[in-house]
Amino acid sequence: MGQYLVRRLLIAIPSLVGISVILFAVLALAPGDPFEELATNPNVPAEVRENLRAKFGLDDPVAVRYVRWFGAMLQGDWGFSFASRVDVDTLILQRLPTTLAVIGLSQVLALSIAIPVGVFAATRPYSIFDQLANTLAFVGFSLPTFFTGILFILVFSITLDWLPFVYRADIAETGWRWWWVHFQQSIMPIAVLGLFQGASWTRYVRSAVLDVIRLDYVTTARAKGLSERAVVVKHALRNALIPVVTLVALQLPTVFGGAIVTEQIFRVPGIGSLLISAILANDTPVIMAVTFVFSCLVIAFNLVADILYGWLDPRIAYR
Amino acid sequence: MDEHGLRNLIGKVKSGRLSRRRFLEMMVGAGLTVPMAGHLLLNAGVANAQPAFTYKPTKRGGGGVVKLLMWQGPTLLNPHFAVGTKDQYGCRVFYEPLAGWDANGNLVPILAAAIPTVENGGVAKDGKSVVWKLKKGVNWHDGKPFTADDVVFNVEYASDPATATTTIGAYRDVVKATKIDSHTVRLEFKEPTPFWADPLVGTVGMIIPKHLFDAYRGSKSRDAPTNHKPVGTGPYRFVDFKPGDMLRGEANPNYHEANRPHFDAIELKGGGDAVSAARAVLQTGEFDYAWNMQVEDEILKRLEAGGKGRISIAPGGSVEFLQFQTTDPWTEVDGERASIKSRHPTLTDFAVRDAINLLVDRQSIQDHIYGRTGVATRNFLNNPQRFRSPNNAFEFSVEKANRVLDAAGWKRGPDGVRARDGRKLKFVFQTSINAPRQKCQQIIKQACQKAGIEIELKSITASVYFSSDVANPDTFRKFFADLQMYNTTMPRPDPGLFMNQFVSWEVSTKENKWSGTNNTRWRSDEYDRTYKAAQVEMDPVKRAALFIRLNEILIENRVVVPISNRPVVAALSNRLRAPMTGWDNDVFLLKDWYREG
């Protein structure tokens, strides 16, 4: 097991270097300039822009810039944002709590819908409940988040006037009031993301459980006289979870990456909105850092998924 | 009326022998606009009439929180590094300049005790120096006094190329800043400078404290902790800042003006898009103010019907306009497309440009696309009113355009496209990707088709089109097309740097890496001469006349076709009272903002 881990980690290194080279090259090839806004302002002389480009090393060849970035990254220096001149790690840490709270809770919501509904539907296939769950799941994942987001705003903020639609991470309240305000403003983004994710996961859970529920060992378990609950939870669900774990584990890095569209609609100051504004501003260090951390997480969670398989199914061995 | 007669009359107003109103009437009778006549008096040292805004609160604080929404939040809080208006807004909450620009393009003192004029001896007669008297009793948020040293420091800080400030343009003509006494500063200029009110004023003039930035000049400028925790003189003190997301401030209990600010705290939230920002102010009332409403007027009108807020429109100088290429963008001369050694094969004919000018349906573009947010105009220089040409007659006529082209010998070919000497009237018309612009392109294309001019439309992503990327052929500075359209902004009420987009030394070429501002590459001795004269003319009336002449040269020669004059549009809650301007930030008088009842 230990050896397996070390080997996997060693394999990860070249892939990460490769990813960073590709990311950097694509960003360097993409058109645009972080000081574009200065270009259209007649009051700012052209030298200012050239001076800034030279100062931030933007005029050097791509290879030189990459080596400089990579060297700094190895020493834990993530560079600083061209747009705010704040260190990139500070920027990411500022956005991280909100991202984890909103996106994390939406994933929890998704799981807490998908697993019970999926299992319940699979144990009673083609019942009214199953039909209903299926229909709703289809509706849920067919509606894109930008649509449901705006729909929610129209209904709950504008027509009913119950909830605010602008998310504010800093709230000058304390105690219960603070929790209440946060609850109010988080419901819509969490629900939009959670329902969308939950809908597609429900389908997976249902089909995975349906695959195992008719197998002989489940029938045996029933014949032994185990309670229906123990049969479903301990015998069927545990085996059905393997494909679901893969899905969820691959989905988890997005908790860090945020949800660009939803964050934009509700103005949630998460990492997704940081990334999109950095892309729009051609703020290379921020884009590099966010996408690089994201790819590290994808690789890490792949590994986590592989290890979880072994726990769920002891027949899988690591060599 | 000659100059001598004018000066006599101004003298009479000054000594009280002639009323202000009577003077204005006489001037209007003589063909001047009211604001221009008013400006004559102001420049001659006669006090201006009071602006309409009155500040009602009688005590400091008690107004609760004022919430501002910007769909692009500020990302940095050092005014000398501000990349765009979003940053300047954020900085202005805490920092103040010596003076700001009001809606009419006139100066309002903020950290200055008074506005310098030639009459009060503040502005030297030769225009080579200006003396600013500073307001006394102003303290920085940390309690240290604001003095002349701070002002001198700002001039040095901004003009040091190693600091790489974005405000350097305003300070490069300042030769020297000297402290005369603790509250008096003199700026000396290289040349006679009629627009002496650029440094230390408005968006480029915000003053940062010497005692906190002195150690961080030049290459160390990024390390200053105060870059992200501003200590200013403004009505609000810094609380918290998350770049691009949220900026918070609390009332400054020692603000240098009585009974201000009215609000106890300020929140400036960033992110999202313009339409939902408009909605949050106009329809749900979650926010008090939203900036830069780049939203179709029809949508704004619908949201305004919600009854919670209103749209504020402040006249500005931004102009959406069509440019004609003067060089040949399709052949290389000495390895350079659109080289100034070449001439455009068809657009150099006045008749062709004149016809296209007649084919741009400005009124329809205003009626169907921009509404209140883009007023049809004939002129390139539209505001402040004192620089506006009295002639704003424009015409849309396909028949007339056809007649002009027929008369010039452009004959329709079998495909309906006009040609002369084997050269067809076929043009590539480029602009940035932006829904209203594409609609505009269509309107122009259809009209041109009726007159036998074929137009191929090209639209380029804004981030490419407006970039300074030397390797990319599609930037607006390179202008490798026949026609192009975009909006040029005029952030200051003085047209000096605005009108330099057509002088010969600003031509955008390979040699200057296409960084020149003259994209049309049009050159004219008369224009150059007039521009140079305007840059040193100290008499405001003569100077205004020179700028009006510059505009006329552009229009008469059909160098450009102005389409619409874009004002500064903001959304305000119905109860919020806030003076707005198109020549400075909307928050330039944040100290005066208050909420009614």
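Regarding residue B:519, is this residue at pLDDT 90 or above, surrounded by fewer than 20 Cβ atoms within 10 Å (Cβ to Cβ), in contact with a strand residue (DSSP E or B) (Cβ under 9 Å, 6 or more places away or on another chain) and not charged (D, E, K, R)? Against the criterion (at pLDDT 90 or above, surrounded by fewer than 20 Cβ atoms within 10 Å (Cβ to Cβ), in contact with a strand residue (DSSP E or B) (Cβ under 9 Å, 6 or more places away or on another chain) and not charged (D, E, K, R)), residue B:519 does not qualify. When residue B:214 is tested against (1) touching a Phe, Trp or Tyr at 6+ places or on another chain (Cβ under 8 Å); (2) surrounded by 22 or more Cβ atoms within 10 Å (Cβ to Cβ); (3) not aromatic (Phe, Trp, Tyr), just one condition goes unmet, and that condition is (2).
Checking each residue in region A:254-310 for being of a type in the set (A, V, I, L, M), crowded, with 24+ Cβ neighbours inside 10 Å and modelled with pLDDT under 85 picks out A:259, A:281. If you filter region B:160-175 down to residues that are aliphatic (A, V, I, L, M) and under 28 Å from residue B:587 (Cα atoms), you find that the one that is surrounded by the most Cβ atoms within 10 Å (Cβ to Cβ) is B:170. With a requirement of 1 or more residues that are in contact (Cβ under 8 Å) with a residue 60 or more places away in the chain, more than 14 Å from chain A (Cβ to nearest Cβ) and crowded, with 23+ Cβ neighbours inside 10 Å, the helices (runs of 4 or more DSSP H) lying completely within region B:378-495 that satisfy it span B:435-450. Scanning region B:297-338 for residues that are farther than 29 Å from residue B:502 by Cα, part of a loop (DSSP other than H, G, I, E, B) and touching a Gly at 6+ places or on another chain (Cβ under 7 Å) yields a single hit, B:308. Check region B:499-508 and report whether any residue there is at the interface with chain A (Cβ under 8 Å from one of its Cβ atoms), closer than 19 Å to residue A:37 by Cβ and crowded, with 20+ Cβ neighbours inside 10 Å. Yes, the conditions are met somewhere in region B:499-508.
The listed residues are B:161, B:194, B:199, and the only one of them that is within 14 Å of another protein chain (Cβ to nearest Cβ), in contact (Cβ under 8 Å) with a residue 12 or more places away in the chain and more than 20 Å from residue B:140 (Cβ to Cβ) turns out to be B:199. Pairs linking a residue in region A:216-233 that is under 15 Å from residue A:122 (Cβ atoms) to a residue that is assigned to a helix (DSSP H, G or I) and not β-branched (Val, Ile, Thr), with Cβ atoms under 6 Å and 6 or more positions apart or on different chains, are A:218/A:235; A:218/A:236; A:231/A:221; A:231/A:222. Note on region B:339-362: among residues that are among the polar types (S, T, N, Q) and part of a loop (DSSP other than H, G, I, E, B), the one that is nearest to residue B:508 (Cα to Cα) is B:339. Restricting attention to region A:157-191 and to residues that are among the hydroxyl-bearing types (Ser, Thr, Tyr) and within 12 Å of another protein chain (Cβ to nearest Cβ), the residue that is nearest to residue B:73 (Cα to Cα) turns out to be A:167.
For region A:1-20, give me each residue that is touching a helix residue (DSSP H, G or I) at 6+ places or on another chain (Cβ under 7 Å) and among the β-branched types (Val, Ile, Thr). Within region A:1-20, A:19 is the sole residue that qualifies. Beta carbons closer than 6 Å, at least 6 apart along the sequence or on distinct chains, pair a first residue in region B:582-597 that is of a type in the set (D, E, K, R) with a second that is not in a loop (DSSP other than H, G, I, E, B) for B:584/B:100; B:584/B:101; B:584/B:202; B:586/B:570; B:595/B:576; B:596/B:577.
Conditions (1) in contact (Cβ under 8 Å) with a residue 60 or more places away in the chain; (2) aromatic (Phe, Trp, Tyr); (3) surrounded by 22 or more Cβ atoms within 10 Å (Cβ to Cβ), marked per residue:
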{"residue": "B:338", "(1), (2), (3)": "yes, no, yes"}
{"residue": "B:355", "(1), (2), (3)": "yes, no, yes"}
{"residue": "B:367", "(1), (2), (3)": "no, no, no"}
{"residue": "B:376", "(1), (2), (3)": "yes, no, no"}
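The listed residues are A:291, A:262, and the only one of them that is of a type in the set (S, T, N, Q), touching a Leu at 6+ places or on another chain (Cβ under 9 Å) and either away from every other protein chain (no Cβ under 14 Å) or not in a helix (DSSP H, G or I) (or both) turns out to be A:291. Might you let me know whether region B:450-471 holds any residue that is touching a Lys or Arg at 6+ places or on another chain (Cβ under 8 Å) and within 27 Å of residue A:51 (Cα to Cα)? Yes: region B:450-471 contains one or more residues that are touching a Lys or Arg at 6+ places or on another chain (Cβ under 8 Å) and within 27 Å of residue A:51 (Cα to Cα).
Consider residue B:268 carefully, then state whether it is surrounded by 24 or more Cβ atoms within 10 Å (Cβ to Cβ), within 25 Å of residue A:92 (Cβ to Cβ) and at pLDDT 90 or above. Yes; evaluated as a whole, the condition is true for this residue. A single member of B:464, B:536, B:541, B:507 is more than 20 Å from the chain's Cα centre (by Cα) and either of a type in the set (Phe, Trp, Tyr) or not assigned by TED's automatic domain parsing to the domain that holds residue B:337 (or both), and it is B:464.
For residue B:287, the conditions (1) under 20 Å from residue B:70 (Cα atoms); (2) facing another protein chain (nearest Cβ under 9 Å); (3) not in a loop (DSSP other than H, G, I, E, B) all hold with the exception of (3). Between A:285, A:243, the distinction of being in a helix (DSSP H, G or I) and within 14 Å of another protein chain (Cβ to nearest Cβ) belongs to A:285 only.
In region A:296-311, the condition of being within 14 Å of chain B (Cβ to nearest Cβ), small (Gly, Ala, Ser) and touching a residue at least 40 places away in the same chain (Cβ under 8 Å) is met by no residue. The set of residues in region B:176-191 being surrounded by fewer than 17 Cβ atoms within 10 Å (Cβ to Cβ), touching a residue at least 60 places away in the same chain (Cβ under 8 Å) and in contact with a Ser or Thr (Cβ under 9 Å, 6 or more places away or on another chain) consists of B:188 alone.
The values are calculated or read from the model by the stated rules, or taken from the named source; none is laboratory data. None of the values given here were measured: they were computed from a predicted structure. Every residue, glycine among them, receives a Cβ derived from its backbone with ideal geometry; neighbour counts consider all protein chains shown.
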